[in-house]
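One structure is given below, encoded as structure tokens.
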Amino acid sequence: QVQLVESGGGLVQTGGSLRLSCAVSRRTFATYRIAWFRQAPGREREFVAAISWSGGSTNYGDPVKGRFTISRDNAKDLVYLQMNSLKPEDTAVYYCAADATLPWVASTGPYNYWGQGTQVTVSS
């Protein structure tokens, strides 16, 4: 069992930066791989980034590669998504997700636990 709460979304201009946070609240000692997904109105949910429990493995979707960085601080129960060089096409609701299966793998899926999402809007 785990609860995820995203924060840090907002309005930013093209080329700007934003850092999202995901608070991971565990009810057991299970370990989890964590991922960020995003979904814009009228579009399919899209994989953004994933990180293994230890942080030793990461994975990024092609549209954000080189611009976004995922990291985690397990001591603080936080996962971050640093977003740089933002573009209007990055506008979406960003979701944090977790799964206990193969937690050492930064997988694109599946993920069983989801946060409520945080809105990111990039103005042009």
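The values are calculated or read from the model by the stated rules, or taken from the named source; none is laboratory data. Source: prediction; values computed, not measured. Cβ coordinates were reconstructed from backbone atoms using ideal geometry, including for glycine residues, and neighbour counts include every protein chain displayed. Surface areas here come from the heavy atoms of the whole protein model, side chains and all, with no ligands, DNA or RNA. Shrake-Rupley method; radii C 1.70, N 1.55, O 1.52, S 1.80 Å.
If I ask for residues that are at pLDDT 95 or above and part of a loop (DSSP other than H, G, I, E, B), which ones from the stretch 1-20 would you list?
Across the stretch 1-20, the qualifying residues are Gly8, Gly9, Thr14, Gly15, Gly16, Ser17.
For the stretch 61-75: of the residues being farther than 15 Å from Val2 by Cβ and basic (Lys, Arg), which is most open to solvent (accessible area, probe 1.4 Å)?
Taking the stretch 61-75 as the starting set, the residues that turn out to be farther than 15 Å from Val2 by Cβ are 61-71, 73, 75.
Going one step further and asking which of them are basic (Lys, Arg), we end up with 65, 67.
On the way: Lys65: 119, Arg67: 29 Å².
Residue satisfying both the conditions and the ranking: Lys65.
For Ala92, which of the numbered conditions (1) surrounded by fewer than 18 Cβ atoms within 10 Å (Cβ to Cβ); (2) within 22 Å of Ser123 (Cα to Cα); (3) of a type outside the set (D, E, K, R) fails to hold?
Result: Ala92 fails condition (1) only.
Only one of Leu102, Leu78 is open to solvent by 10 Å² or more (accessible area, probe 1.4 Å), touching a residue at least 60 places away in the same chain (Cβ under 8 Å), out of contact with any Phe, Trp or Tyr (no Cβ under 6 Å at 6 or more places or on another chain) and of a type in the set (A, V, I, L, M). Can you tell me which?
Working: Leu78 fails: touching a residue at least 60 places away in the same chain (Cβ under 8 Å).
Going through Leu102, Leu78 in turn, the sole match is Leu102.
Hey, can you tell me all the residues within the stretch 5-52 that are of a type outside the set (S, T, N, Q), under 14 Å from Ala97 (Cβ atoms) and open to solvent by 50 Å² or more (accessible area, probe 1.4 Å)? Step through it out loud before you land on a result.
Here is the first cut: in the stretch 5-52, the ones of a type outside the set (S, T, N, Q) are 5-6, 8-12, 15-16, 18-20, 22-24, 26-27, 29-30, 32-38, 40-51.
The next check asks that each one be under 14 Å from Ala97 (Cβ atoms); those that pass are 5-6, 20, 22-24, 32-38, 45-51.
Within the stretch 5-52, Val5, Arg45 meet the criteria.
Condition check: part of a loop (DSSP other than H, G, I, E, B), of a type outside the set (D, E, K, R), within 23 Å of Gln1 (Cβ to Cβ) and at pLDDT 95 or above. Does Ala23 satisfy that?
Values: part of a loop (DSSP other than H, G, I, E, B): no; of a type outside the set (D, E, K, R): yes; within 23 Å of Gln1 (Cβ to Cβ): yes; at pLDDT 95 or above: yes.
No, not satisfied.
Being part of a strand (DSSP E or B) and either in contact with a Ser or Thr (Cβ under 6 Å, 6 or more places away or on another chain) or closer than 14 Å to Ala49 by Cβ (or both) is the filter here, so list the residues in the stretch 87-117 that pass it.
Taking the stretch 87-117 first, the residues part of a strand (DSSP E or B) are 92-99, 113-114.
The answer is Ala92, Tyr94, Tyr95, Cys96, Ala97, Ala98.
What residue, among those in the stretch 29-60 that are free of Cβ contacts under 8 Å to residues at least 40 places away in the same chain, in a loop (DSSP other than H, G, I, E, B) and not charged (D, E, K, R), is farthest from Val5 (Cα to Cα)?
Gly42
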